[in-house]
1. If you average the alpha carbon positions of the range 41-68 and of the range 209-227, how far apart do those two centres end up, in angstrom?
2. Arrange 8, 54, 33 by Cβ neighbour counts within 10 Å, fewest through most, would you?
3. Which of the listed residues, 219, 188, 206, is farthest toward the dipole's positive end in the range 138-224, when Lys, Arg count +1 and Asp, Glu count -1 at the beta-carbon?
4. At residue 49 and residue 197, where each label point lies 7 Å from the Cα along Cα→Cβ, what is the point-to-point distance in nanometres?
5. Return the percentage of antiparallel bridges among DSSP beta bridges fully within the range 169-243, rounded to the nearest 5 %.
6. Quick check on packing: order 214-222, 126-134 by the mean number of other C-beta atoms within 10 Å, highest mean leading.
7. Starting from the 7 Å offset along Cα-to-Cβ, what nm value, one decimal, do you get for the label separation of residue 94 and residue 65?
8. Rounded to the nearest 5, what is the percent of antiparallel bridges among the DSSP beta bridges in the range 81-239?
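Please treat every number below as a calculation from the coordinates, not as lab data. Quantities reported herein were computed from a predicted structural model and do not represent experimental measurements. Because the Cβ atoms are built from the backbone with ideal geometry, glycine has one as well, and the counts that use them run over all protein chains shown.
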Amino acid sequence: MTAMTAVVTGAGRGFGRVVAAALVAEGTRVLGVARTEADLAAAREELGNGFVPVVGDAGDEELAERLVREERPALLVLNAGARPLLAPLHEQSWESFTVNWNVDTRQAFVWTRAALRAPLAPGSVVVEMSSGAALKGSPLSGGYAGANAAVRTIGAYAADESARAGLGIRFVTLLPQLTPTGVGAEAVDGYAARAGLDRETFLANMEPILTPELVAKAVLQVASDPDSAAEYAVTGAGLKPLG
């Protein structure tokens with residue numbers, strides 16, 4: 001995957017940062033979108049000129065429309081997401097419950113819509129980063145599971161629209177399992193306590209552990225495979241087609 005431009009949302013840290021690094025290593029020019037300038041500056045320092053920082057809200061409709069129109073990326077990786085409040089349903093407010101709808105789902109919607117409206121060139125790929133919680137639920141994370149189920153739905157709807165209009169844009173949704181890094185680290189502790197297990201035992205039950213590097217490998221794999229499935233669960237053991 002060389003000599004092309006990609007946009008990665010949520011590129012300042014976590015999965016997005018590692019995906020951006022993997023793409024740059026393959027020779028891809030990556031526009032990394034995130035709200036925190038310092039995180040993007042650190043990524044630029046680490047990754048070099050192949051990484052172009054774009055400070056902004058990934059849910060900003062005008063930003064999405066402009067970058068898609070001006071940059072004509074061959075790959076979109078829609079990864080941005082919010083940290084959910086780790087609490088059971090009855091301890092959530094409506095504001096905390098909907099935070100992932102307003103970030104995770106919104107950014108997937110505005111960038112996917114921009115890709116269809118432009119439209120991106122035939123052969124372009126949009127990777128929607130959902131979550132395994134969309135399949136199994138996440139009772140300590142408010143609306144997180146539902147928000148990421150909606151991300152999955154957005155990807156499916158977009159794939160259908162691309163096919164109906166003959167656009168040739170490929171939409172692939174990835175649903176990674178829980179990981180003990182970044183946002184997932186707090187969730188691991190919470191769910192271990194909920195299950196009455198210590199952290200080490202809980203993690204042992206999750207083996208093989210999914211790492212950010214394996215997520216990045218999955219993104220590159222589906223992006224470069226024109227015959228990929230539409231949806232995959234992503235685990236430490238690799239990709240599992242869904243549907």
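1. 21 Å
2. Numbers: 8 36, 54 19, 33 31.
Ranking 8, 54, 33 by Cβ neighbours within 10 Å, fewest first, gives 54, 33, 8.
3. Farthest along the dipole direction, towards plus: 219.
4. According to this spin-label approximation, the distance is 4.9 nm.
5. Values: 4 of 8 bridges.
Just about 50 percent of them are antiparallel.
6. Working: 214-222: 21.1, 126-134: 25.4.
Per-residue Cβ counts within 10 Å, averaged per peptide and sorted highest first, yield 126-134, 214-222.
7. 2.8 nm
8. 15 percent
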